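Pasting a structure here, questions to come.
Please treat every number below as a calculation from the coordinates, not as lab data. Predicted model only: the values in this text are computed from it and were never measured. Note that we place each Cβ from the backbone using ideal geometry, even for glycine, and neighbour counts take in every protein chain shown.
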Amino acid sequence: MNSERMYSILLAPHVSEKSSLIGELANQYAFKVARDATKLEIKSAVEQLFNVSVAELQVLNVKGKVKRNSRGQMRRRPNWKKAYVRLNQGHEIDFADMGQS
């Protein structure tokens with residue numbers, strides 16, 4: 001897989017209360033991924049970018065919420081895709097050190 005595609009697959013880490021809890025308990029991380037990405041592409045992108053070994057991968061499509069704006073009009077947020085990545089024992093991803101070098 002070329003590096004341009006690899007960087008376009010993983011969009012951002014998905015930070016929520018649930019993802020923090022599973023990160024601590026089950027060595028599992030949540031990512032917001034491209035909607036056209038496959039499981040094999042997501043797995044290889046995580047392994048190459050973070051230099052870890054992936055044990056299990058679950059992918060799900062998240063439907064966008066319907067929201068009401070200030071004028072009362074209904075708008076729908078875009079659909080997106082989420083991936084839960086479980087790493088093998090001894091591997092971890094530290095997002096706090098990602099921006100610093």
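Using Cα pairs closer than 8 Å and at least 6 residues apart in sequence, work out the relative contact order for the chain, in percent.
So the answer I get is 29 percent.
For a bin width of 10 Å, list the pair-distance distribution of the chain built from all Cα-Cα distances, rounded to whole %.
14, 43, 28, 11, 4, 0
How many nm is it between the label spots at Phe95 and Lys63, if each spot is 7 Å from the Cα in line with the beta carbon?
Output for this residue pair reads 2.6 nm.
How high is the FRET efficiency from Lys39 to Gln73, r the C-beta distance, R0 41 Å, rounded to 0.05?
The value I calculate is 0.65.
Ok, one more. Please determine, in degrees from 0 to 90 and to the nearest 10, the orientation of helix 39-50 with respect to the longest principal axis defined by the Cα atoms of the chain, where the helix direction is its Cα long axis.
60 degrees
What length, rounded to one decimal in nm, is gained on full extension from Glu56 through to Trp80, with 0.36 nm per residue of separation minus their alpha-carbon distance?
My answer for the length gained is 6.6 nm.
Show me, for the stretch 20-26, the HN-Hα J-couplings you get by feeding each phi into the Karplus relation (A = 6.51, B = -1.76, C = 1.60, θ = phi - 60°), rounded to Hz, glycine and proline as x.
5, 5, 5, x, 6, 7, 10
Can you pull out the trypsin sites (Lys or Arg not before Pro) in the stretch 9-101 whose DSSP state is coil and whose Cβ has at most 16 other Cβ atoms within 10 Å?
Sites meeting the loop and neighbour criteria: Arg35, Lys63, Lys65, Arg71.
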